[in-house]
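The values are calculated or read from the model by the stated rules, or taken from the named source; none is laboratory data. This structure is a prediction, so every number in the text was calculated from the model and none was measured. Because the Cβ atoms are built from the backbone with ideal geometry, glycine has one as well, and the counts that use them run over all protein chains shown.
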Amino acid sequence: MTNYLHLIVRGCKVGVCVFVFALPVVAATDGPEWLKKRYETLASKLNGTAFGAPVYIESDDRDGMMRGEVFGILPGAFASLSATLRQLPAWCDLLTLHFNIKGCTYRTESDAGVLMVYSGGKHYEDPREARRHEFLYTVPAASGDYLHMVISSVDGPLDTYDYRVEFEAMPLGEQTFAYVRFTYRYRMFTRMMSSIYFMTVGRDKVGFSVVGADKAGNPLYIKGRGGAMERSVMRYYLGLQTLLESRAQPEVQRFEWRVQRWYALTDKYRRQLYELDEEEYLDSKRKERVGWARLQAEIDGRK
């Protein structure tokens, strides 16, 4: 168990697994009353977070399935969060903050939305040349004091599958209590490739959970797939915070404000979250935005 939020998006390249967004097959959530009880149970843990973010996470990796349940307090009123996250473009604004996400497009089909997520490595990549994964977006429940959203995909990168993420939220004064349940399944090839990665290039990468101490008494942090999940969790928690804060900016300035703000927030956790220098990150995001804006224009029928 640890403390950090998440809405992940990842994919895999040869030798490097980048766990993709969303996750799967778990029993349905139990609605607003259950969410209220979970807040009452976790309130002291959320207030006692060691890393300065009011988030609590439970995760598990067994029998070929990665699972995570995340609870967090987000800045901003529930009504604002609900209105924002019920807009498909907002999900693209959120997802593309991650350095592995090269683009995102959206379209509406019947009573559901569809997100096309373009993923790649951490350096700049033209969205047209990136891997594509399609996610179905639905809203099973939405009211003035409760929101439930589901994003899912049957397939994933390599031999991962059954991606599903469930997002729930309720008002908490001028803030919002949010819950994310995510799962995805993987087969032997993904297990093998990720094991190789975490024994080589990713051997020094850590998450946020303290799993022990060294001889000097310094904390030892979780590694491997669990650590990777926690890093994504924190990045997307900070992404949600960035997205909500950006609504106060003039629309024409929001993109630039978001990428700079997200980098600054993640840089506070450099031990866990550092991947690129700020200049390279910002340059990549600016160029990638041009690419996926063109893709969206084509979907919308614009030149």
Discussion item. Would you confirm, using the coordinates I've provided, whether PRO140 is farther than 30 Å from VAL290 by Cα and modelled with pLDDT of 95 or more?
Written reply: no
Discussion item. Tell me whether the range 166-182 contains one or more residues that are touching a helix residue (DSSP H, G or I) at 6+ places or on another chain (Cβ under 7 Å), closer than 30 Å to SER284 by Cβ and touching a residue at least 12 places away in the same chain (Cβ under 8 Å).
Written reply: no
Discussion item. Take TYR237 and tell me if it is in a helix (DSSP H, G or I), under 25 Å from ALA77 (Cα atoms), free of Cβ contacts under 8 Å to residues at least 24 places away in the same chain and touching a Phe, Trp or Tyr at 6+ places or on another chain (Cβ under 7 Å).
Written reply: no
Worksheet, complete the sentence: Taking the range 244-303 and keeping residues surrounded by 15 or more Cβ atoms within 10 Å (Cβ to Cβ) and hydroxyl-bearing (Ser, Thr, Tyr) leaves SER246, TYR263, THR266, TYR269, TYR281, SER284
Discussion item. So LEU97 ticks every box in (1) on the phi > 0 side of the Ramachandran plot; (2) at pLDDT 95 or above; (3) not basic (Lys, Arg) but one. Which box is left unticked?
Written reply: (1)
Worksheet item: Name the pairs whose Cβ atoms lie under 8 Å apart, with the first residue in the range 125-140 and outside any strand (DSSP E or B), the second of a type in the set (A, V, I, L, M), and 6 or more positions between them or separate chains?
Response: PRO127/LEU295; ARG128/LEU295
Item to complete: Identify, by number, the condition in (1) out of contact with any Lys or Arg (no Cβ under 9 Å at 6 or more places or on another chain); (2) in a helix (DSSP H, G or I) that SER80 doesn't meet.
Response: (1)
Discussion item. Can you name every one of the strands (runs of 3 or more DSSP E) wholly within the range 1-69 that holds 1 or more residues which are touching a helix residue (DSSP H, G or I) at 6+ places or on another chain (Cβ under 6 Å) and at pLDDT below 50?
Written reply: 16-18
Worksheet item: What do you reckon, is TYR163 in contact (Cβ under 8 Å) with a residue 24 or more places away in the chain, buried (at least 22 other Cβ atoms within 10 Å of the Cβ) and more than 30 Å from GLU278 (Cα to Cα)?
Response: yes
Worksheet item: Which of the residues that make up the range 83-115 are of a type in the set (A, V, I, L, M) and either exposed (fewer than 15 other Cβ atoms within 10 Å of the Cβ) or free of Cβ contacts under 8 Å to residues at least 60 places away in the same chain (or both)?
Response: ALA83, LEU88, ALA112, VAL114, LEU115
Discussion item. So if I check each of ALA216, ALA248, ALA293, ALA228, which one is out of contact with any Asp or Glu (no Cβ under 8 Å at 6 or more places or on another chain), over 23 Å from PHE167 (Cα atoms), among the small types (Gly, Ala, Ser) and in a helix (DSSP H, G or I)?
Written reply: ALA293
